[in-house]
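The values are calculated or read from the model by the stated rules, or taken from the named source; none is laboratory data. None of the values given here were measured: they were computed from a predicted structure. Here the Cβ positions follow ideal geometry from the backbone for every residue, glycine too, while neighbour counts run over all protein chains shown. Just so you know, the surface numbers come from the protein's heavy atoms only, side chains and all, with ligands and any DNA or RNA stripped out. Shrake-Rupley method; radii C 1.70, N 1.55, O 1.52, S 1.80 Å.
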Amino acid sequence: MNGKATTTRTKLERGRSALGPALELVHTGRAPTRAVLTSELGVTRATAGAVAAELEALGLIRVDSSPGSAAGSQGRPSHRLSVLETGPVVLAAQVHADGFRAALVGLGGRIVATSPGCVAVMADPAQVLGEVVEAGAGLLRESGLRCVGAGLAVPSAVAEPEGTALNPLHIAWPAGSPVRDIFAACVRAAGITGPAFTGNDVNLTALAEHRHGAGRGAQHLLCVATGHRGVGGALVLDGRLHSGSSGLALEVGHLTVNPEGRPCHCGGRGCLDVETDPLAFLTTARREPGPEESLLKQAGNLLRAEYEDPAVRNAAEALIDRLGLGLAGLVNILNPDRIILGGLHRDLLEADPERLRAVVADRSLWGRSGSVPILPCTLAHNSLVGAAELAWQPVLDDPLGALA
């Protein structure tokens, strides 16, 4: 092979190896123009142009034919890059204590379509997952879009590599249910192509928020959130979920914040899981939960609509103090550079941000020396978007191989 041919082949290989990193930059909004893409990839303008053109040919992104400048940029205008709105999607599914939902999610974390949430979760995971996948298959038939994978968020720690739901405490599934295998079988039975993945709902909330929401740019991101019942946590380090040796890291719901408090499903007492979740708030505020709406919605509505009621305010302050105590312990151990809160915890932060931040600062060494930003999650349906991120990952890693 002569020198010119070798050089051409090397350039081609370099360009193809850049497809995945380039797609992730566009997917996460970090490369709005071809000039930014060139800089982020550290390649020549010609190589960046070729990479963008190949991603466009794969039906994944759109290269604007009329150049424009990114906000705040200087110099010659550059071609704008964006995800293709008519491109492929993934099926995202979520199961929680009050129901389940399916969605189609495109690149960029964009929700294309959702099915109405069901309010009954049966004790048979195969029946539940079969129904949620069928709802997603219906959305696919209506949309006519290509599906390249599927992801599922569940309210349980998911053991790796088995893919089993170890502790579905707030849904009546058997402990150790092989949810990944069941979900994958349902996806195949529905005729949906591509790989199927399963993860813990708060882990996936953190992943979605890190890529598309309040966690963007954080290097050590701590996420703590209530689900419809219970509390979970997640840690994203340098863009990757920290899941521990077997997928069970950051079970923060079982930190003790009130030693004389409520009994917890785990066998302990006074855990975050039962002291700061929606049911705890409603009970502390002396409100009887009703069957017509989810506990999460009832708690959020009560906090926003009746915060001036002394019983509601006192309940909110009690939960904020317990949450702050738990967050302070996590700050001491993990030293995050940002904390994001979801579910009812987001509403508590917005109700009295100064109180929560003061508790964390007072109880943590790092909080005293320099405050850790505490922000609300910003994405709607962030667990669904996170489930979609699992399904998109093979495409982000190797666009050519995944779409072949």
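Things worth noting here:
- Phi-derived couplings, Karplus 6.51 cos²θ - 1.76 cosθ + 1.60 at θ = phi - 60°, listed residue by residue for segment 205-216: 4, 4, 4, 5, 5, 5, 7, 10, x, 5, x, 4 Hz, with x used for Gly and Pro.
- Protein accessible area in the chain, 1.4 Å probe - carbon and sulfur %: 52 percent
- For the chain, accessible area per residue (1.4 Å probe, heavy atoms of protein chains only), Å²: 43 Å²
- Relative to the current alpha-carbon distance between Glu306 and His242, full extension at 0.36 nm per residue lengthens the span by 19.2 nm.
- The length gained on full extension between Asp337 and Ala123, counted as 0.36 nm times the residue separation minus their Cα-Cα distance, comes to 73.1 nm.
- Simple spin-label estimate for Arg188 and Glu85 in nanometres, 7 Å along Cα-Cβ: 3.7 nm
- Summary of packing: across the peptides 165-175, 268-278, the per-residue average of other C-beta atoms within 10 Å ranks them, highest first, as 268-278, 165-175.
- Residues with amide H under 5 Å from that of Gly230, placed H, sequence gap 5 or more: Leu279
- Close amide-amide hydrogen proximity is noted between Gly215 and His210, each under 5 Å apart and 5 or more residues distant or on a separate chain (H modeled in the peptide plane; Pro and chain starts excluded).
- Couplings 3J(HN,Hα) for segment 221-235, derived from phi with the Karplus relation 6.51 cos²θ - 1.76 cosθ + 1.60 (θ = phi - 60°), are 9, 9, 10, 10, 8, 7, x, 5, 9, x, 9, x, x, 7, 10 Hz, where x marks Gly and Pro.
- Per residue, the average separation of C-alpha pairs within less than 8 Å and at least 6 apart gives the chain a relative contact order of 16 percent.
- Karplus (6.51, -1.76, 1.60) ³J(HN,Hα), θ = phi - 60°, over segment 372-386, in Hz, Gly and Pro reported as x: 8, x, 10, 10, x, 4, 10, 8, 6, 6, 5, 5, 5, 5, x
- Value of Rg/Rh across segment 106-167 [Cα atoms, Kirkwood radius]: 0.99
- Helix 295-305 and the longest principal axis of the Cα set of the chain meet at an angle near 80°.
- Contour excess over end-to-end distance, with Cα ends at Ala380 and Arg16 and 0.36 nm allotted per residue: 127.6 nm
- Cut-off under 5 Å, modelled amide H: who pairs with Phe197 long-range: Ala150, Gly151, Leu152
- Estimated inter-spin distance, Thr283 and Asp352, nm [label 7 Å along Cα→Cβ]: 2.0 nm
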